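The values are calculated or read from the model by the stated rules, or taken from the named source; none is laboratory data. Small disclaimer: the values here were computed from a predicted structure and weren't measured. Here the Cβ is made from the backbone with ideal geometry for all residues, glycine too, and neighbour counts use every protein chain on show.
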Amino acid sequence: MDEVAEVSDALMERYLEGEEISHEEIVTALKDGTNHGGIFPVVCGVATKNLGTNRLLDAIVEDLPSPVKHGALELPEVTLEPDEDKELFAFVFKTKADQFAGRINFFRVYQGVMRPDTQVLNTRAHAKERIGTLIVPEGREQGHADAFGPGDIGAVAKLKETRAGDWLAARDEPIVMPALTLPQPVMAFSIEPKAKGDEDKVFTALRRLQEEDPTIDLHRDAQTGDQIVAGLSQIHVEIVVDRLKARFGAEVTLKPPRVPYQETIRRPAKAHGRHKKQTGGRGQFGDCHIEIEPLPDGTGFEFDNAIKGGVIPQGFIPAVEKGCVEAMSSGVVAGFPVKGVKVRLYDGSYHSVDSSEMAFKLAGSIAMKEALAQAGAVLLEPIMLVTLSVPDESVGDVIGDLNSRRGRPQGMEPAGGGMTEVKAEVPMAEMLTYAPDLRALTGGQGDYTMDFVRYEEVPAHLAQKVITEARSEEEAVNA
């Protein structure tokens, strides 16, 4: 009531003096405050048990202002007025994937009238869209409408180019609605179809759910090959899985994602690679000498051709480089990709008849594997910059927990509203199941985002555990 009374000085004075405020006066003040963006009404309820639904509907009808009272929408490119006689402009605010109807777009009309069986323009795609039947969402049922005017919310199915965030208009006006800042997904899982052959079905359904919910992140990890689905929490991802089954008949298994470890070398090494094979006809012969050394920044790959005198023909040198690169895809420590290596090809020999690109590629691979085994190869892990927003009273517990995860706090600063922003660098391996732990530490009020920073060497006592697990997994696959 305090917030409502602040809308009007006269109403505030009467409220402070203890005078009775009528229901009509409260509704009028509430409408005025909402109309000017000073009040944001909240109605409590339980959707699953249909509790508070009628109060919500009454509040929408009684307490919220009409589009006419709200007035024009001022955008940088155009001013939209709630006038039925002007050109159509409707904003698509949500896209839903339906198993039978396909993509359904929900929109709000800001100006003009949306009618069925007409053509409109998508201002982002600059494409014409045909409006078919106008849908009135009514829970699980769908009604139909003859038209939608200013302030009306409706839906339309089977638009080809339209998605959430687009404008549908009578003319191709390049207008942009101020974008919402969506939270970044932080809880990731590796996802696999339960039934073989369902891969296309599952991933097509996931793409459709991603169109509906842009806070879902869906990608394939280039290094591990895992299909990753990430959400705002474990519950969020589990709801995605439930929707896959209920709406698309696709069942999947969730697993924690694998950490994309890498390997690198710590000292120079030399190696000799020779591939020689005689099969009765034309043989195979490739011979090379290489020297490897770590790159200063610990990333990338360099190949230096130091061959002199034509001991290896120029046409075979790219094959040696290709063999070295392929050998680096599976390191000698635990089979993870190798980064941060410079290779110098300085000697070798060839046979005028038996030498070939394939032979020199195999020779380069043999030499590279031998050199890596002698170069002090070590295991690297990704380090993430974690930015947390937590209640002031939970800061100590959160920092203590981050320290237990091998985290290195980078600082903190007040974020307002009783919250503090904490930054820390933490190994990715320690953050795979962090969301529920943070929720427990902060009473459900904390959240966080993660960004990749760099790779660092894994401590020796932990590296052996990673190596053992990787080798066990490789043996299980080859069994």
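Note on the stretch 45-56: residues that are surrounded by 11 or more Cβ atoms within 10 Å (Cβ to Cβ), of a type in the set (A, V, I, L, M) and either in the same structural domain as Val109 (by TED's automatic domain parsing) or not in a helix (DSSP H, G or I) (or both) total 1. Contact map, the stretch 32-44: first residue under 15 Å from Met1 (Cβ atoms) and outside the structural domain of Gly151 (by TED's automatic domain parsing), second residue among the β-branched types (Val, Ile, Thr) and not in a loop (DSSP other than H, G, I, E, B), Cβ cut-off under 7 Å, separation 6 or more or different chains; pairs are Gly33/Val4; Ile39/Val4; Pro41/Thr34.
Let's see how each residue does on (1) under 27 Å from Val466 (Cα atoms); (2) surrounded by fewer than 19 Cβ atoms within 10 Å (Cβ to Cβ); (3) of a type outside the set (Phe, Trp, Tyr); (4) at pLDDT below 90:
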site	(1), (2), (3), (4)
Gly310	no, yes, yes, yes
Gln314	no, yes, yes, no
Cys324	yes, no, yes, no
Ala327	yes, no, yes, no
Pro337	yes, yes, yes, no
Val341	yes, no, yes, no
Asp347	no, yes, yes, no
Asp354	no, yes, yes, yes
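Table: residues versus (1) within 35 Å of the chain's Cα centre (by Cα); (2) part of a helix (DSSP H, G or I).
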| site | (1), (2) |
| --- | --- |
| Val4 | no, yes |
| Glu13 | no, yes |
| Gly18 | no, no |
| Thr34 | yes, yes |
| Val42 | yes, no |
| Asp58 | no, yes |
| Val68 | no, yes |
| Glu84 | no, no |
| Lys94 | yes, no |
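For the stretch 127-175, filtered to residues that are among the charged types (D, E, K, R) and under 28 Å from the mean Cα position of the chain (by Cα), the residue that is surrounded by the most Cβ atoms within 10 Å (Cβ to Cβ) is Asp166.
Within the stretch 341-366, the residues that satisfy the criterion of being among the polar types (S, T, N, Q) and either in contact with a helix residue (DSSP H, G or I) (Cβ under 6 Å, 6 or more places away or on another chain) or under 17 Å from Lys308 (Cα atoms) (or both) are Ser349, Ser365. Those strands (runs of 3 or more DSSP E) of the stretch 211-268 in which 2 or more residues are in contact with a helix residue (DSSP H, G or I) (Cβ under 9 Å, 6 or more places away or on another chain) occupy 217-220, 227-231, 252-255.
I'd like the full set of residues that are closer than 30 Å to Thr420 by Cβ and loosely packed, with under 12 Cβ neighbours inside 10 Å, limited to the stretch 448-475. If the condition is that a residue be closer than 30 Å to Thr420 by Cβ and loosely packed, with under 12 Cβ neighbours inside 10 Å, then Asp451, Phe452 are the ones that fit.
Among residues that are buried (at least 16 other Cβ atoms within 10 Å of the Cβ) and of a type in the set (S, T, N, Q), Thr433 is not included.
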